[in-house]
Structures are given as structure tokens and as C-alpha cells.
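Visitor: Here it is: the structure, laid out below.
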Amino acid sequence: MSALTSLAQLRAAVDGIAQPLATVRHCHVAEAPLVLVPLKLAGEAAAPLAVLVGAARDDASLLVVPQPRNRDLRFQFAAEFAKLVLNHIETSRGGVEELPPGKDGDERIRYGDAPQLLVPNRGGVGFLRLLGRSTRFRSTEGPYAVDPAVPVLGRWLTWFADRYDHPGSSLLRAMTEVLRLHWATGQSSLEDGNLAALLGWIDPPDGLDGPAAAARAEDPVTCPPAGPATDPTFDNEVLAPAIAAYDRSGGDHRAEERLRGAIAGQLEPTWELMWRAVGLLRALPEGASVPGRWERDRDAFTYYHQTFGEAYPQARRDPPVRAARRLHDLERAQDAYDAQRAFDDPLVMAEYRLAGQAFGGVVTDCEPDRLDETGKRPKLRPHLRVGTADPVRLDVGTTVCNAARPALKGKIVELAAGSVLLELTGGMGRKLTAEPGSVPRPGERVCFTSLSEGSFGAAKFPDREDTPWTHGGPPEEYVPTDEDAEEEWS
Amino acid sequence: MPRSPGLPTPDALEARIAELRAAVRRAAAAGDRRSARDLRADLRLAERQWDDAVLGAEDGTGEPVRDDDDDDGERDEGGDRPQPARDEAPGRERGARAGTKAGRGLLPVREQVHQALTLLGAPAAPKLVGSVYAAFFPGEIAASRLTSLRRDEERSFRTAPYARPYYLCAALTADLLAPARGLLTVSTWPLERRIVGPLSPRTDFLTAAVRLAEHAGRAAPTPDVQRLLWRFASNIPGAVTGTVGTVEPADLAAAARAELDVHREPDRRGRASAAGRARARLDDAERLFGSRLRALNTSTRRRATTGETDR
Amino acid sequence: MTETAPDLDRLRGGAPPRNHDARTIAALTANPGCARRGVMDAAGVDKDAVARELGFPSPFGQSQFAITRGNAFEAQVKADGCAELLTLLRDGLGLAVPEVAYDDLEVVAGNEGRELRHARTRRLLARALESGEGTLFDHPLLRLEIAGQLAYLEPDVIAFQLAGRLHVIEIKSFAVVDGQAEPEQVAAAARQSAVYVLALRRLVSELGHDPARVSHEVFLVCPENFSNRPVAAPLDVRPQLAVLERQLARLTRIDRILDALPGDLTFGPGAALADAVRTVEARYAPECMAGCEMAFFCRDEARACGATGALGRSVRDDLGGVDTIGTALALADGSLDPSDDLAETAAQLRTAARLRDEALAAVRAETLAGAPTPEARGARDGAA
């Protein structure tokens, strides 16, 4: 958050409509994303009640657990759900790209596409994570055997939830978070957590303004919550009697039909909202670095898919080295993601200008042919003076790059009120005269920033067998135990 | 069933159901219990009409749907919050057995309880009584019948004392000789066994473990018996000797006896002295069903602020 | 300490004071700067009824599924003389085998009167502190002074004595999966438990013992993973205790707020209720929605007067504490000259407004000129 975002919120509040926080789309939107709207039973950690799932607006499948406390019915649900999700994963791969061989001559490939899962909110992500945790250790034989698809689903859901933590990944996204990345509303972040209210501000229904649409969305009877928690009055007045009737009927189809009907009524409005939101996102031009990030997602997907057969289910807890490496990767990804968005989008860059880490303005003076002849060989070091009204908070000597063309690099030589003198150091070709068009001309509008993609390199971590004693020494190789498989799910 | 001319169409019914659901939820959310109750009744009616109109009436399914009304009635009396269902949702076993009505009706419920308590040999909560009966005897005890059992027994005793060979009665708390919450005993037991002090819940648990293990040891334990014994064994030190979920009855009995040795004597002393007081102070009915401090009831209605006086 | 009591009675409009429980007491610490809440809570006003009367009913319903699950889990852990709980305490804390005593304090001889129950709680805990007798005390009835009023607390907990120290055991039905539970739920449990610890400490000092004999370490008993099997986790509630004690101390100074209010103010039902409520200043923040019955009313009020706080605390902070949306926007577009103390904030806002407009204008110009498609923009990096 910053004054810039807050200002957008104020304007949204006054104008009664959401204001843009981005001028391009910063996430990938698949051609056919798998939209999931899950519901769970109140009071339980991850007892699924229902899910509405499908990869097209007019192709929704409704799965319901008519008695969520019944273990057999739950695993029946998990098996059906698994088939839908796994089928989507297998059909979302696209072609195979051959890549240049790796350092040690390994064959490398990348799938042409990857599956994208979209849920309404962060709670939906948490639910998939727990559902993954509760199914990935299941045994497919023995006294509590489950359908073979169930543990496979569990491992994939765990993997998706893990990728969700990776900044910039678009494999699993929570719709409210994606929308909030692109729009500011005139309500608080708490209220933005309600998908219907958030969309009400961004794209109010005919005849309503943002506040009116959001107010309507807060009535759980008119606008059912987007899950995974259900509304308590729905539970008490509709769901509980319907489940009780189902129990007493001994699984009668009328009772089940009525239950499904009631639950469908809770899910369908959110389903519509999800696809409307997908449409809104598609209408935004894609940010320049989005395909690159999606390529990383495809790499991750390719790797997991390729090694799925030989790997164990993910351990309950990461061993220390893996945990440290993961944290380091997440931090690096966060830095790169933040920088990439700023380079892609002047409105995001404006945040850095406000914070003094970037400055923009008009070139007032330029010496494009200036040479530095102090060394053995002369070097091309053009000077560039940029007039700016921005509150620059960079020191002399700081390396900066051009926001529109990051390859053009320079060093701050002098800071004066209203202007910055730069010495350009790279990105102008190899000759002693700059490539035509590479050095901005007087009168041109430019923006320079100290941000850079990948500002800190990959750290070295010990191999697992060298885990330091401070971290418990080398961990035992994780092998799932019978206990994992037999864990109760009651 | 041919639709009579006055019946609304399915579409109209669906609209009405949606409308009523919304109205019920709004009434419940606003705390308006009276309208919520009326609306609920209308809603159930509309749902039944929809069932009949759309899905067609089927044999044997009319009765269960009707039960809804009972639930609603209970909830209304319960205050602002919805009352939780009194029983757990049917588990696998219970669901599977629900239909076997024949097994249930063999004995009157008081005899079923008597059998289970006799096997347990110690005061027990209705839930444990139910699981013991289900594990060791044919059929199961209808949980709903247990709630009124103690009251019925007391009424019967007060009307015609000692007319029956035994009564199912309360356990008495050692300090005030009042009925202990949620524990059943048999009138023919010695008073010392029917009185519970602070150590008694544990000694009774261990006593029951010994007795059930010995009883189970006489034949190959069924899965139900195994499950019941596991509940004991997993909470007694040294009682689990095999793999998780399985119990060797002899080991369970030995482990329970070992811990019992620690508590038995202090527990016995407390119970015996309380039993002495009970014999001296209580009449026959009180000795069976406990004495209550009825006179003090009035003070419960006073509000928080008045409590300052007893500081 | 009862000087303010007549005033407080009047505020309730003759209705009896609402009982506090740990949830409501813990909630007192959530927004200490709110005078409205302070006064209403100190007087024990039924805020739920007031909010409903005002047309802003609070949506704090609970699903019966959640209630059922909570009750079933608690009953299971306590069943058969707390068999499962004893196992947890023995395995986890090395509780000695002879320590199994269980005293139920919920009912005294069939009577649920609070004075009786509290007296019995005092008696048994006094004995435990003197002689070490007793191990588990279920449903103790405690008292805590809230703004000069004694409130009874009915903790759904067990007080547990180990080696001369008392611990609070709280049974909750949210799951601990692989050693982790939902942080919000753990935080809420910690806040509530802190209330019980404090009330127990007060009782212990009243009984003439060192309050430190009540441990700040609480045991949270929750279902493990996706099963019904209980697991115990220690929870240090010192931070929550510190906050709570400070807030309670502040609450007792409610008389100062009362002095500034009209002498005939009352929150009884009627046409004047809304005005009466507005007389006492609120400090609405979105966090109020999680714990205060008045939140919807206060939010409506805050929005109507364009309060920046309604957008969130961080927004208000970003705006350098400027209270209203109108002022902030006027400072941003330069139509309002800032006072000296707002000069810096105003400059920041004006820069923000300029940068935002510049960025949006640039994009608009690009779109009008039909310029860069995403591909074209992507190409610029390749130019290096």
C-alpha cells in the first residue's frame, strides 16, 4: 500500500466506481482455465460439501457430498473430483517444445501449455491445500482403500497450492487477489475479500453504482458467499434440514436432489462472477513479462508432470535445507515479480517514483558522444540531464536503468533541485558512438529507476546430506509410512 | 399421484421455496423467532409439494421428510442460537444398522441399560452404556430413550417404592450427595459404588476396562468390541501391546489393574465416608436419586452485579 | 468503585447488564480508542439489540454444524473421566499417574446459580493452592472486574493443577494440521485464554496467594490433522495478557468519558436511539466487523461522513492521518491549502496525484495512437 493506492481508493469512493491500479494485466489467463468454487462443511477442517468446477462458463459440473460427515461419501466425492481435475491437467499440456540440452547434456523439454486453476478467494486456495493434504497419503489398497485417482489428486493439489505461494505464478490464483492487483475500490481490503462486492465496484450491474452493488453483495441471502465457508443461516435453515432429510431417507434420490438444488443455488452466483472476472481480466492488455513468467510456470509443471511417477507424495513438512532454499526462491521471485510489473506498467512504476526509487521527466541536455578517456582505452559515457519534479531518493553513484528499455544503464553523477545528471554506461552498442536511437534526445520523456530484475543472485545451499547439525543434521529420506496412509479422516 | 387442479406448478413452487428460504433466513438473522417458525412450516410444506410434483411420491419416503417439523420445534425453544443436533451424524456403522429395527425392540430400554451397567460394574455415562451394549449385546439402545430414563425411574420409585427389583438411578456426588451429571447407576449396587468423588471417574474407567477386557477375553472379540477396548487401552499406560487399533484383552486388564492399584485406596476412603453421610442424612429416594438444593434456585435469577456482596 | 454505576444503569435504559464472556472481554482490547464501544461495554449495554433496533443487525450467527462439532469434540476429550485429556497430559507434560482427580464445577448439587458455583470454585481452588489437592477443575466460574462492574465468566475450560501451579486448558475444535492451525483461530483462542488466566490470577491473589501461580502458558487441545484424535499445544499468552490488563485499566476510567456526555443520555429503545448513539464518538475501522455488534452502524456513519478510516487503517496512515476523503482529495488537487502540520502530507498527496495522472495519461495517449501491442513492448528488451 502507498499513498498512490490510497489515493485511487479515495477517488473510487468519491466516484462510486473502482479505479485502475494497473494499465496492463499482470497475470496469465489461460484460454480455458479450470474454475473451481468449493464449499466445505462449517466446523470441519476440510470436509468438502460441494464444488462447482469446469473449464468453460457453460460447462459446470456440480459435485456434492450429501452427508459430509460420512467418510465413504467423502472419498467418493474425492474420486469424482479427482477425475475432473486430473483430466483437465492431462488435456492442458499442449505440444512439447524441445529445449537446448542442459549443462550435463540432459534432454530438456517444456510443455506448450499448463493447467490454470482459478478459485474465488484465498480461502479457496486454503481449502484445496487442505484437501490435498488430506488425500495425498491415502492408500489404494488395504482396509481403507480409496480410488487410485484420490492420492494423485492430493499430490497435484498440494503442488498447485505450493506454486500459489510463488510470487508471479499463475497456475493457481485467487480471483479476489488478482482483481485487487488491478483495481482499487472505495471499500476496505476486508470488504474486498467478498468477490461479489469487489466485482460490484469494478463492474456494477446495470442501474447500480459501486457502493450500491457492494451493499447488495453483502446480503448473504441475495448474494451467497463465495465459499469455502457457507452462510450460517443457510446452514441452519436450508442445509441442515436437507442433510437430515437425506440421512433419514437412507440415500433417497429425492432428498439428494433437493440437497443438490439448494447447494447449486449457493454456488451458481459465484460461478457467474468468476467468469465475469475472467472476462474483465482478458480485456486488459497483457503485461510484457507475463509470457515469461508463464514460461516458468510451464517449466515447473513440465518438471512435476515428468517426475510424478518416480516421486513420493510431498512430505508433511519440508526438511531444513529444502525449506531454506524454498524461502530464498520465494524472496527472489518476489523481487523479480515486483520489478517486472514496474517495468511493464507505468502506473506501477509511479509507486517507485513516489517512493523516490525512480524518477521521470523530460531530457533537458544530452551529450550523446561524450567519451571517458581517463582509462587505458576510451569508453563511451554519454551525459544525460533529466528534469524531474519527482522526490528522488537515490544517491550519487547509484546505478539506474531506463524503465522503457532496461538495457540502457547509467550512473547518477549529480543531483540538483529539479534535475538529475546521468552518465550512461551501457546498452548503447559496442562502438564509441552510440547506436542510433539508443540515447534519449532532449525533449524526450524518460523514466529511470534503480530497480532491476533479479537483483540478488541464487544463494548456495548445502546438499541434504550436508545439512548442518544446527538444523538437525541430514534428515532421513522421506518415505511415506503406513501411518500416513491410514491416518483417519473422520 | 394425479395433481389436483388447485396445486401450484413446479415453477411456482420453486419460486415460492426460494422466497421462503430467503424469508426464513432473514427472520432467523434478525432474531425474529416467531416468524421464523411460521415461515419454516410454510417452507417444509412447499418443499413437500415440490417433491410430489417434480420427483413423484415414492413408497416409504413420505414419513422421513415429515420429521423435519420436530427438529424445528426444538430449535425454537432453544434461544437465539440454533441448538446443535443432539446426536452425532450417523457414522458408517450406525447408518448401516439403522434399518435393523428388529434388533432394537427385543428388550425394554431399561433392561438393556441394566445389562450394560451390570457388565460395566461402575457408574457410566449414557454414551458409554450405549457403546457397551452395541458391542456386547444384540441390537442397540435408542439414544433418544436414555434422556428421560432417569426421570421416569425416579417417578416410578416415588409412586411405588421398591416395586421393581431394580431401578436405574443417579450416581451421587461425594461432597453434596447430589445427583452427578450424566452418570447412570443401578439401585442394587452398594452406596459406595454409586457415590463418585474426584478420583472416581478414573477408577470407574479403569474398573470398567478390567471387566470389559475379562468379558471380551472369553471369546474372539468382534470388530465392535475391539473398537471399544481400543478406546480404553489407548488411554491406559502400558495397555497397548500390539499394533495400533488392536487390543490384547489380558494385557488391557493387567494394565488397568496396575493403575487401579494407585487410585483404589484413596478413592475408596472418600466414597466410604460419603456413603456414611448419605446413610445418615438421606431418605430412601434421595439415596437413589440424590438430594437437590432446591431452595437456592431463586438466587440463580439474580444478575451479575449483585455478586459483589459475597466478596 | 461504584460511583459511576447509576450513570451506567441509566445508559442501559433500565435493561439488565449484558453478561460478559471471554469473547466479549477479549474484544474490549480490539479497538481501545473507541469511546462509543468503551461506554456501551462498560455499561453492559446489549449492543446486539441496539444495533438491531437501529436497523443494522450484526451478522454474528453460528452454523449449527460448527456448534455440533465443537460440542462433540469437547465431550469426547472429557469423556470417561477425561481419559483422553489425561493421556495427553501424561504423555506431553509428564503428569504423574496418581494425578487424576476431576472436579466438575459446572453444577453445584443440581444448581447452576453463579454465586454458588463461584463460591465452590473458590473453595476448591483455595484448597488446591493450600494442599495441592485436585488436578482437573472443569468449568470453573470466575469473576473479573470490568469498568467497576463485576462480570462473571463461564470459561469453557479446565483449570489444571500441576506441581502447585494452575494452567488453563482450552478445548477447541479447529484442526491442527501437521503442527499448524489457522493463525486467526489460534490468535482468538489466545486472547480468550488470556482473559481466563487473568481472572484466575485475580482469584488466586484474592485467596492470598502469588498470582504467578497461574501459568501464562495455556494448553490448547485441538483435533489433530483430519481426525478426532486430540493433540495438546502449549500457548504463551503473555502478550495478550499485557494488552488485556492495559485495556481493562483504561476501561475503569470510563467516568471521564461519562462526564463529558449529556446527563440524560440513554441507549434504551426509541426514536432518539440513533442520536443518542451518535453522541458518543466512535472510532470505526474495518477490523471492528470481526468483533463488535455495532460495526455496521458505525461503518455506515463513517462512510456517510467520508471518513478515511472506513477504507482501512493503512489508508488512513498513508494519508498522514487526514480524516476525511474530501480533505485528502482537496489537498491532492491543490484546491485546499494545507495547514503547517499537513504540509508534508499535502506535498506527498500532490505528487501522488500528479504521478498517477501522468501514468494514466501516457497509457491513454498510447492507446489512442494505436501504439505498442504487448508483442511490440516485449521486443524492447531484446534491443539490448
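The numbers here are math on the coordinates, done by the rules we state, and not lab data. Keep in mind that this is a model prediction, so the values were computed, not measured. We place every Cβ from the backbone using ideal geometry, glycine too, and count neighbours over all the protein chains shown.
Visitor: Report, as a whole number in µm² per second, the diffusion coefficient that Stokes-Einstein gives for chain C at 37 °C and 0.692 mPa s using the Kirkwood radius over alpha carbon pairs.
Guide: Translational diffusion coefficient: 134 µm²/s.
Visitor: I would also like to ask the following. Within 10 Å of each Cβ of C:73-83, how many other protein chain Cβ atoms are there on average?
Guide: Average per residue, whole number: 5.
Visitor: Mind counting lysine pairs for me in the protein assembly as shown? Cα separation below 29 Å, and the two need to be 8 or more apart along the chain or on different chains.
Guide: Counting lysine pairs in the protein assembly as shown gives 19.
Visitor: Roughly speaking, what % of Cα-Cα pairs in segment A:279-344 are separated by over 15 Å, rounded to a whole number?
Guide: 70
Visitor: In percent, how large is the relative contact order of chain A, given Cα pairs closer than 8 Å and 6 or more residues apart?
Guide: 16
Visitor: How would segment B:131-267 be classified by its alpha-carbon gyration tensor: rounded, prolate or oblate, with rounded meaning a/c under 1.5 and the a/b versus b/c comparison settling the rest?
Guide: Oblate, since a/c reaches 1.5 and b/c is not below a/b.
Visitor: If amide hydrogens are placed 1.01 Å from N in the peptide plane, which non-local residues have theirs closer than 5 Å to the one on residue B:246?
Guide: So residue B:246 has HN proximity to no qualifying residue.
Visitor: Report relative contact order for segment B:105-292 in percent, whole number only (criteria: Cα-Cα under 8 Å, sequence separation at least 6).
Guide: 25
Visitor: Apply the Debye scattering formula to segment B:107-147, with a single equal point scatterer on each alpha-carbon and no solvent, then give log10 I(q)/I(0) at q = 0.17, 0.30, 0.33, 0.34 Å⁻¹.
Guide: -0.34, -1.14, -1.37, -1.45
Visitor: Arrange A:65, B:262, B:244 by Cβ neighbour counts within 10 Å, fewest through most, would you?
Guide: B:244, B:262, A:65
Visitor: Now, a different point. Grab the eigenvalues of the alpha-carbon gyration tensor for segment A:109-229, scale each by 5, take roots, and send me the semi-axes largest first in whole angstrom.
Guide: Result for segment A:109-229: semi-axes of 35, 18, 11 Å.
Visitor: If a/c stays under 1.5 just call it rounded; otherwise compare a/b with b/c (prolate if a/b is bigger, oblate if not). Do that for segment A:244-308, with a ≥ b ≥ c from the square roots of the Cα gyration tensor eigenvalues.
Guide: Here segment A:244-308 falls in the oblate category.
Visitor: Test of understanding: given chain A, find the longest segment containing no GluC sites (Glu not before Pro) that are in a DSSP loop and have at most 15 other Cβ atoms within 10 Å.
Guide: With GluC sites (Glu not before Pro) excluded where exposed in loops, chain A gives A:142-372 as its longest stretch.
Visitor: Using θ = phi - 60° and the Karplus form 6.51 cos²θ - 1.76 cosθ + 1.60, what ³J(HN,Hα) does each residue of segment C:194-199 get, whole Hz, x for Gly and Pro?
Guide: These are the phi-based 3J(HN,Hα) values: 4, 4, 5, 4, 4, 5 Hz.
Visitor: Okay, moving on. Sort B:50, B:189, A:201 so the one with the fewest other Cβ atoms within 10 Å of its own Cβ comes first.
Guide: B:189, B:50, A:201
Visitor: Mind giving me the nanometre distance, one decimal, between the label points for residue B:166 and residue C:165, set 7 Å out from Cα along Cα→Cβ?
Guide: Modelled inter-label distance: 4.7 nm.
Visitor: Here is a further query. For Cα pairs less than 8 Å apart in space and 6+ apart in sequence, what is the mean separation divided by the residue count of chain C, i.e. the relative contact order in percent?
Guide: 18
Visitor: Can you compute log10 of I(q)/I(0) for the protein assembly as shown with the Debye formula, treating each Cα as one identical point scatterer, at q = 0.04, 0.08 Å⁻¹?
Guide: Computed log10 I(q)/I(0) values: -0.28, -1.07.
Visitor: Here's another thing I want to ask about it. Please state the Cα pair-distance histogram of segment C:316-370 with 5 angstrom bins from zero: what percent is in each bin?
Guide: Result returned by the calculation: 4, 21, 25, 18, 10, 9, 8, 4, 1, 0.
Visitor: Per residue of the protein assembly as shown, what 222 nm ellipticity follows from adding -39500 (n - 2.57) for every DSSP H run with n ≥ 4, rounded to the nearest 500?
Guide: -14500 deg cm²/dmol
Visitor: I'm checking a number: the convex hull volume of the Cα atoms of segment C:129-267, normalised per residue, in Å³. What is it?
Guide: Considering the Cα atoms of segment C:129-267, their hull volume per residue is 142 Å³.
Visitor: Could I ask something else about it? Sort A:83, A:409, A:103 so the one with the fewest other Cβ atoms within 10 Å of its own Cβ comes first.
Guide: Ranking A:83, A:409, A:103 by Cβ neighbours within 10 Å, fewest first, gives A:103, A:83, A:409.
Visitor: Now, a different point. Output needed: percent of Cα pairs per 5 Å distance bin for segment A:89-133, bins running from 0 to the one holding the longest distance.
Guide: Cα pair-distance distribution for segment A:89-133, in percent: 5, 17, 14, 14, 14, 13, 11, 10, 2.
Visitor: Report D for segment A:216-280 in µm² per second (integer): Stokes-Einstein, Kirkwood Rh on Cα pairs, 10 °C, 1.306 mPa s.
Guide: For these conditions, the coefficient is 124 µm²/s.
Visitor: What does the convex hull of the alpha-carbon atoms of chain A project to on average, in nm²?
Guide: For chain A, averaging the hull's shadow over all directions gives 29.6 nm².
Visitor: Another question, then. Bin by bin, in steps of 5 Å, what percent of the Cα pairs in segment A:162-239 do you find, going until the bin that has the longest distance?
Guide: Calculated P(r), rounded to whole percents: 3, 15, 23, 18, 17, 12, 9, 3, 0.
Visitor: So, one more: From the P(r) of segment C:1-133, could you give the percentage of C-alpha pairs in the tail past 17 Å?
Guide: 77
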